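Inspection log for the structure reproduced underneath, given as structure tokens.
The values are calculated or read from the model by the stated rules, or taken from the named source; none is laboratory data. These numbers were taken from a predicted model, which means no experiment stands behind them. All Cβ positions, even for glycine, are placed from backbone atoms using ideal geometry, and neighbour counts span all protein chains on display.
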């Protein structure tokens with residue numbers, strides 16, 4: 001593993017390896033055991049989309065690993081004024097030990113990896129959100145003890161979260177059901193990926209069908225960053241695609257709920273369901289820190305055991 005660009009690039013064994021290291025680092029963190037594995041190393045964090053959890057978790061994670069993190073907004077870089085990505089990649093490779101980028105186009109992340117000579121971590125694009133789903137998988141295993149035979153359901157927009165949930169959960173042996181309005185289904189590329197797992201993947205336009213017998217239900221906001229102008233249209237389109245008491249009633253009694261946050265309560269999820277599952281959701285948010293630390297160690301200290 002040279003980069004983390006998508007979850008498709010990782011094998012089941014690599015996914016589990018990251019999750020196992022994340023568990024170890026979380027244990028050490030909770031018990032005050034220092035792990036300065038990345039001492040002397042520097043991560044550049046490029047943000048073309050702002051974020052609370054991504055910035056804080058990566059910055060704190062690098063600090064806990066003994067390294068340094070540099071926050072680089074679009075306003076701070078020449079890339080925001082027209083410098084080609086390939087030039088930025090080659091310059092930053094001379095200064096840094098790794099790059100984390102949160103942006104719009106997946107191609108920008110791929111180009112950074114192609115032209116640079118240091119590890120690149122995709123902290124979110126419009127196509128996928130691998131770091132978030134690693135944290136989600138970590139949380140599922142904490143609550144459920146494993147993955148095989150579980151059913152994961154995503155209700156909402158067939159967006160970057162849905163894409164990465166499908167890939168990560170299928171690779172680890174979970175069944176996946178996606179409920180989205182017809183014009184907001186996941187992209188064809190992900191549908192093709194899911195065909196590699198016959199009998200494990202379902203797409204529907206009915207949330208109750210998708211949620212039936214679920215072990216974990218995911219949701220996300222109706223309008224993601226950059227889609228604010230579509231908010232009203234999407235509110236209409238997603239009527240009925242809410243995680244609520246009725247949806248939870250057809251899932252297993254011990255079904256988890258996961259939300260990548262921020263949540264718009266009473267839109268994609270009711271306040272009642274959110275609060276009933278708040279511990280799971282905020283464990284998920286915390287696990288961004290531990291999962292991303294594991295990714296940084298795997299990429300920036302590959303000989304660490």
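Tabulated values for the structure
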{"quantity": "Candidate set: segment 269-298, residues that are in contact with a strand residue (DSSP E or B) (Cβ under 6 Å, 6 or more places away or on another chain) and more than 21 Å from residue 246 (Cα to Cα); chosen: the one surrounded by the most Cβ atoms within 10 Å (Cβ to Cβ)", "calculated": "284"}
{"quantity": "Some residue of segment 146-159 being in a helix (DSSP H, G or I), crowded, with 23+ Cβ neighbours inside 10 Å and either without any contact (Cβ under 8 Å) to a residue 40 or more places away in the chain or assigned by TED's automatic domain parsing to the domain that holds residue 253 (or both)", "calculated": "no"}
{"quantity": "Qualifying residue in segment 40-48 (condition: surrounded by 14 or more Cβ atoms within 10 Å (Cβ to Cβ), in contact with a strand residue (DSSP E or B) (Cβ under 9 Å, 6 or more places away or on another chain), at pLDDT 95 or above and in a helix (DSSP H, G or I))", "calculated": "no"}
{"quantity": "Any hit, segment 191-202, residues being part of a helix (DSSP H, G or I), touching a residue at least 60 places away in the same chain (Cβ under 8 Å) and assigned by TED's automatic domain parsing to the domain that holds residue 27", "calculated": "no"}
{"quantity": "Segment 224-268, subset part of a strand (DSSP E or B) and more than 19 Å from the chain's Cα centre (by Cα), residue surrounded by the fewest Cβ atoms within 10 Å (Cβ to Cβ)", "calculated": "265"}
{"quantity": "Long-range neighbours under 8 Å by Cβ, at least six apart or interchain, first residue free of Cβ contacts under 8 Å to residues at least 60 places away in the same chain within segment 7-28, second assigned to a loop (DSSP other than H, G, I, E, B)", "calculated": "9/1; 9/3; 14/1; 27/33; 28/34; 28/35"}
{"quantity": "Breaking point among (1) in contact (Cβ under 8 Å) with a residue 12 or more places away in the chain; (2) outside the structural domain of residue 210 (by TED's automatic domain parsing); (3) outside any loop (DSSP other than H, G, I, E, B), for residue 142", "calculated": "(2)"}
{"quantity": "Check on residue 269, modelled with pLDDT of 95 or more, on the phi < 0 side of the Ramachandran plot and out of contact with any helix residue (DSSP H, G or I) (no Cβ under 8 Å at 6 or more places or on another chain)", "calculated": "yes"}
{"quantity": "Criterion violated by residue 125 - all others in (1) at pLDDT below 95; (2) buried (at least 21 other Cβ atoms within 10 Å of the Cβ) satisfied", "calculated": "(1)"}
{"quantity": "Matching option when the condition is touching a strand residue (DSSP E or B) at 6+ places or on another chain (Cβ under 6 Å) and either crowded, with 18+ Cβ neighbours inside 10 Å or closer than 23 Å to residue 298 by Cα (or both), among 97, 111", "calculated": "97"}
